[in-house]
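Report on the structure given below.
The values are calculated or read from the model by the stated rules, or taken from the named source; none is laboratory data. What you are looking at is a predicted structure, and each value in this text was computed from that prediction instead of being measured. Cβ sites come from the backbone with ideal geometry, for glycine too, and all protein chains shown count toward neighbours.
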Amino acid sequence: MPQLGFVLQWVVKALAVVLAITILNFFLIRLAPGDPAVVMAGEAGAADQQFLDQVRRDFGLDQPLAVQLATYVKNVLTLDLGQSFRTGRPVADMIFERLPATLLLTGTAYVFALIVGPLLGAIAAMRPRSVFDSLLMVVALVFYATPIFWVGLLLILVFSVQLGWLPPFGMQSMIPVKGALAGTLDVIRHLILPAVTLGLFYIAVYVRLTRASMLETATLDYVKTARAKGLPEWRVATAHILRTALIPIITFAGLQAGHLVGGAIVVETVFAWPGIGRLAFDALFQRDYNLLLGVFLISALMVVFFNMVTDIVLRIADPRIAGRA
Amino acid sequence: MRRRTTMGLIGRLMAVVFALALAGAGAARAEPQQGGTLNSTLWPEPPGIVIGIHLNAPTLLPSSKIFEGLLTYDFALSPQPMLAESWEVSEDGLTYTFKLRQGVKWHDGEDFNAEDVVYSLTKFIPEVHPRSRPTFARTKVTAPDDHTVVLTLEEPYGPLIRSFDVIGAPIVPEHVYNGSDIRENPANRAPIGTGPFKFSEWASGEYIHLVRNDAYWLDGRPYLDEIYYRFIPDSASRALALETDQVHLATQNDIELVDVARLAAMPHLEMTTKGWEWGAPISWLEMNLRREPFNDVRFRKAVMHALNREFIRDSIFFGLAAIPTGPIHSSSPFYTDDVPTYEYDPEKAKALLDEMGLEADADGVRAKIGLLGLPYGELWDRLSQYIRQALGEVGVEVTIETSDVAGWGSRISNWDVDMSTTYLTTLSDPALGVARSYITENQRKGVLFTNTSGYTNPEVDRLFAEAASEPNEDKRRELYHQVQKIVADEVALAWLVELQWPTIHSAKLKNVVRNGLGPNDNFAEAYFEE
């Protein structure tokens with residue numbers, strides 16, 4: 001039952017945070033110089049006063065800022081995210097069209113990294129300064145330090161241009177494949193390169209984090225006691241060291257999960273992946289306020305939700321946290 | 001010996017001519033082939049695909065395959081039939097009569113007729129099309145019968161005959177739009193046109209798919225079965241897609257200029273810079289004439305002499321540009337090169353600055369000014385850096401100011417800059433695309449693509465107005481020649497380069513660029529050669 005109270009408390013706090021973020025974003029966006037109507041005129045390569053007035057009227061930009069904010073918040077509370085300035089389409093439609101693609105890409109990369117990263121990190125930590133450890137640390141550093149777009153382009157050059165094994169961009173073939181199974185396989189083929197590109201970056205982070213955390217935990221007294229009891233090394237590593245060492249990894253993974261929505265802009269750009277990161281990026285440059293606020297709202301909800309999940313998982317992993325709370 | 005060599009040469013030449021003639025005959029015999037899927041890049045993803053409601057470059061490419069205009073234009077911008085099979089302009093230039101093509105059907109099966117044209121020119125365009133609104137506000141449009149449309153004017157308007165292309169005057173279905181809120185009409189997401197390709201699907205973030213219109217009015221056309229416009233955000237990825245034959249067509253700014261020569265040299269690709277005659281883009285350095293020292297023509301001339309435009313053309317635009325002489329693009333029928341010109345001559349620039357009394361201080365600086373560069377990527381950044389360096393060499397210290405597109409547009413339209421770089425399409429007629437940057441009455445604060453530099457000259461205003469309302473083409477040409485001389489002499493803007501946008505396409509893809517609309521043609525004649 002205390003867990004339920006915790007969740008309820010969390011939901012109330014979360015809603016307040018999301019509302020505060022929405023209001024803050026509303027003002028922050030408007031601080032950026034540039035009038036959406038002028039941007040739209042610029043894109044069209046044509047403008048007259050009638051056009052500018054029309055755009056401002058259509059999207060309420062001719063109203064005082066307080067009225068604009070009140071209207072926006074009222075609409076959001078009734079789950080209406082408004083219309084995109086640029087396309088005139090409902091923002092919610094535009095976001096939910098793109099959200100699955102982003103979640104598929106970032107989710108795959110994330111799960112892949114969460115399995116492989118801590119595993120490799122743990123193996124390296126068990127044999128510090130071995131050849132495997134040194135090599136792994138160098139490779140992890142390389143992938144961590146190399147710009148992600150560059151890794152993506154290199155993978156395209158090797159696996160698409162040179163070897164011709166995998167498609168270089170998009171989420172499905174140029175001419176969409178017919179049939180559910182064939183269609184799924186087609187998407188998986190397209191997913192491999194962008195997910196690996198993004199995953200390599202995440203893995204590099206988890207490898208280093210797990211190794212450092214395990215090495216630090218290994219020096220603690222209770223580990224020495226476990227060894228002194230005569231427990232086999234693999235049992236010391238998994239049951240004693242890893243469990244404690246997982247705390248920072250869970251914290252980091254939770255924080256990262258919240259950024260799954262907007263965290264893949266670069267990969268989405270290089271691989272022409274039809275996700276939400278790119279949508280937000282373009283919306284920013286086009287001063288498409290409604291679309292941008294919509295993406296921010298979804299992103300804020302994700303961050304808040306995953307923070308809550310992380311807190312719950314941490315309380316399970318380390319009961320002392322619940323005790324402190 | 002000499003005679004034998006000459007004879008041998010003649011023989012070889014004849015053999016070559018014969019071979020070429022044979023090859024030509026072979027080519028002439030080669031029939032266009034039916035079928036095939038064209039994959040084209042398209043970036044950025046357009047906000048919509050109904051021309052008029054949206055006029056962004058990526059809207060035009062797919063939309064021009066779905067919709068058609070009454071006319072189209074050849075490379076010399078002379079009118080050619082499209083939905084109108086013939087037309088007549090009265091001698092006084094006040095009446096335009098169009099005979100419409102019969103047997104044309106909309107993609108939903110309805111018949112196309114004169115009512116559609118009347119609706120498009122009197123309701124649709126005035127409501128949504130900011131560029132053509134002023135043009136058709138001058139006309140009264142009537143339909144004496146189902147296949148005749150008559151436009152009457154109160155006074156002649158020279159550019160009207162070049163205003164009927166699919167971009168300037170798209171013809172939309174009256175039965176779909178009439179009585180509805182045009183901007184909210186569901187057909188905007190699934191447009192219905194008369195063109196050779198029908199809208200099939202728009203996968204957000206991925207592609208727009210068009211399919212062959214089997215009921216197209218021109219028998220046997222189009223040749224292609226379908227077109228995919230694929231959204232590829234990264235320019236390196238677009239180049240790779242062309243390189244690997246995944247896409248067959250890229251145009252305008254799709255490919256970074258640094259990549260163009262490499263791709264054009266590939267045996268499976270071809271490149272042309274033709275097909276942008278209707279757009280005729282010119283890039284310039286705009287000086288705010290409301291501020292010192294730009295309000296002194298000697299300073300503007302000094303700037304022109306300080307800039308090495310051959311260098312800009314060759315090193316910044318990789319040769320994909322030409323040097324303009326004034327406000328009108330060299331592909332325009334109204335162009336003249338008989339104007340004052342400004343060769344690269346820093347000494348002359350310094351002499352002009354001396355004459356102004358702009359003496360160099362201890363650091364060699366005569367004036368300090370800001371430059372707001374066009375935020376369209378690295379190429380434009382390099383251009384700003386070159387301008388800073390070139391003007392620095394004559395003692396003008398330039399501070400480069402940066403912004404994103406929104407900030408750039410906002411500052412320029414509010415006249416809040418010293419100097420800025422930009423480019424603008426000068427369109428099919430100077431009255432449509434050139435006058436707007438020079439005439440006094442078009443100084444409209446807060447509105448982009450108006451006379452933002454603040455240039456004003458009553459004589460130029462008069463000449464532009466007279467040329468616009470002059471029905472006789474030769475007289476118009478003479479008036480525009482006068483405009484070019486004055487404006488070039490006063491350096492209203494520092495014209496840098498005429499942009500030559502490359503269209504790179506698969507060598508197997510034929511008839512891509514056939515007229516002045518280039519990649520914005522309807523592609524009815526495009527086909528793949530196996």
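Somewhere in segment A:59-80, is a residue more than 25 Å from the chain's Cα centre (by Cα), within 11 Å of chain B (Cβ to nearest Cβ) and surrounded by 14 or more Cβ atoms within 10 Å (Cβ to Cβ)?
No, segment A:59-80 contains no residue that is more than 25 Å from the chain's Cα centre (by Cα), within 11 Å of chain B (Cβ to nearest Cβ) and surrounded by 14 or more Cβ atoms within 10 Å (Cβ to Cβ).
From the list B:Ile439, B:Ile412, which one is within 30 Å of B:Ser469 (Cβ to Cβ) and at the interface with chain A (Cβ under 10 Å from one of its Cβ atoms)? Don't jump to the end; show me each part of the working.
Working: B:Ile439 fails: at the interface with chain A (Cβ under 10 Å from one of its Cβ atoms).
Residue meeting the stated conditions: B:Ile412.
Has segment B:155-165 got at least one residue that is assigned to a loop (DSSP other than H, G, I, E, B), farther than 30 Å from A:Ala280 by Cα, more than 12 Å from chain A (Cβ to nearest Cβ) and of a type in the set (Asp, Glu)?
Looking through segment B:155-165, at least one residue is assigned to a loop (DSSP other than H, G, I, E, B), farther than 30 Å from A:Ala280 by Cα, more than 12 Å from chain A (Cβ to nearest Cβ) and of a type in the set (Asp, Glu).
Can you spot a residue in segment B:401-409 that is within 12 Å of chain A (Cβ to nearest Cβ), surrounded by 15 or more Cβ atoms within 10 Å (Cβ to Cβ), under 30 Å from A:Phe281 (Cβ atoms) and in contact (Cβ under 8 Å) with a residue 60 or more places away in the chain?
no
Within segment B:357-371, does at least one residue satisfy the condition of being away from chain A (no Cβ under 14 Å) and part of a helix (DSSP H, G or I)?
no
Free of Cβ contacts under 8 Å to residues at least 12 places away in the same chain, over 21 Å from B:Pro46 (Cβ atoms), within 10 Å of chain B (Cβ to nearest Cβ) and surrounded by fewer than 16 Cβ atoms within 10 Å (Cβ to Cβ): does that describe A:Gln49?
Yes: the conditions hold for A:Gln49.
Quick check on this structure: which one of A:Ile29, A:Ile23 is in contact with a helix residue (DSSP H, G or I) (Cβ under 8 Å, 6 or more places away or on another chain), within 14 Å of chain B (Cβ to nearest Cβ) and among the aliphatic types (A, V, I, L, M)?
Result: A:Ile29 is the single residue among A:Ile29, A:Ile23 that is in contact with a helix residue (DSSP H, G or I) (Cβ under 8 Å, 6 or more places away or on another chain), within 14 Å of chain B (Cβ to nearest Cβ) and among the aliphatic types (A, V, I, L, M).
Starting from residues that are among the aromatic types (Phe, Trp, Tyr) and not in a helix (DSSP H, G or I), keep the ones in segment B:68-126 and report whichever is surrounded by the fewest Cβ atoms within 10 Å (Cβ to Cβ).
Ranking the qualifying residues of segment B:68-126, first place goes to B:Phe75.
Mind checking which residues of segment A:215-234 are farther than 23 Å from A:Leu141 by Cβ and surrounded by 13 or more Cβ atoms within 10 Å (Cβ to Cβ)?
Listed by number, the residues that qualify are A:Leu220, A:Val223, A:Ala226, A:Arg227, A:Leu231.
This table checks each residue for (1) touching a Phe, Trp or Tyr at 6+ places or on another chain (Cβ under 9 Å); (2) modelled with pLDDT of 85 or more; (3) under 29 Å from A:Leu136 (Cα atoms).
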position: A:Ser213; (1), (2), (3): no, yes, yes
position: A:Val236; (1), (2), (3): no, no, yes
position: A:Ala257; (1), (2), (3): yes, no, yes
position: A:Arg287; (1), (2), (3): yes, no, no
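Within segment A:5-25, is even one residue assigned to a loop (DSSP other than H, G, I, E, B) and in contact (Cβ under 8 Å) with a residue 40 or more places away in the chain?
Going through segment A:5-25, the residues assigned to a loop (DSSP other than H, G, I, E, B) turn out to be none.
Checking segment A:5-25: not a single residue is assigned to a loop (DSSP other than H, G, I, E, B) and in contact (Cβ under 8 Å) with a residue 40 or more places away in the chain.
Could you check, for segment A:270-286, whether at least one of its residues is touching a residue at least 24 places away in the same chain (Cβ under 8 Å), over 17 Å from A:Ser84 (Cα atoms) and either touching a Lys or Arg at 6+ places or on another chain (Cβ under 7 Å) or β-branched (Val, Ile, Thr) (or both)?
Yes - at least one qualifying residue is present in segment A:270-286.
Enumerate the helices (runs of 4 or more DSSP H) found wholly within segment A:87-205, keeping only those where 1 or more residues are within 14 Å of chain B (Cβ to nearest Cβ) and among the hydrophobic types (A, V, I, L, M, F, W, C).
Counting at least 1 such residues, we get A:91-126, A:148-155.
List the residue pairs whose Cβ atoms are under 6 Å apart, where the first residue sits in segment B:486-510 and is farther than 27 Å from B:Lys274 by Cβ, the second is of a type in the set (Val, Ile, Thr), and the two are 6 or more positions apart or on different chains.
Every condition considered, the pairs that remain are B:Ile486/B:Val460; B:Glu490/B:Val297.
Can you work out which of the residues in segment B:178-201 that are of a type in the set (Ser, Thr, Tyr) and surrounded by fewer than 22 Cβ atoms within 10 Å (Cβ to Cβ) is nearest to the chain's Cα centre (by Cα)?
It comes out as B:Ser200.
Could you list, in sequence order, the residues of segment B:185-238 that are in a loop (DSSP other than H, G, I, E, B) and within 11 Å of chain A (Cβ to nearest Cβ)? Walk me through how you get there before you give the answer.
The first filter runs over segment B:185-238 and keeps only residues in a loop (DSSP other than H, G, I, E, B), leaving B:185, B:189-196, B:204-206, B:213-225, B:231-234.
Scanning segment B:185-238 gives B:Asn185, B:Arg189, B:Ser204, B:Gly205, B:Glu206, B:Asp225, B:Phe231, B:Ile232, B:Pro233, B:Asp234.
Return only the number of the condition from (1) within 14 Å of chain A (Cβ to nearest Cβ); (2) touching a Ser or Thr at 6+ places or on another chain (Cβ under 6 Å) that B:Gly52 does not satisfy.
For B:Gly52, the exception is condition (2).
One line per residue, one yes/no per condition, for (1) of a type in the set (D, E, K, R); (2) surrounded by fewer than 21 Cβ atoms within 10 Å (Cβ to Cβ); (3) assigned to a helix (DSSP H, G or I); (4) modelled with pLDDT of 85 or more:
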position: A:His240; (1), (2), (3), (4): no, yes, yes, no
position: A:Leu246; (1), (2), (3), (4): no, no, yes, no
position: A:Gly263; (1), (2), (3), (4): no, no, no, no
position: A:Glu268; (1), (2), (3), (4): yes, no, yes, yes
position: A:Pro274; (1), (2), (3), (4): no, no, no, yes
position: A:Ala280; (1), (2), (3), (4): no, no, yes, yes
position: A:Val295; (1), (2), (3), (4): no, no, yes, yes
position: A:Met308; (1), (2), (3), (4): no, yes, yes, no
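Go through B:Val104, B:Val89, B:Val128 for me and flag whichever is away from chain A (no Cβ under 14 Å), closer than 23 Å to B:Ser428 by Cβ and in contact (Cβ under 8 Å) with a residue 24 or more places away in the chain.
The match here is B:Val89.
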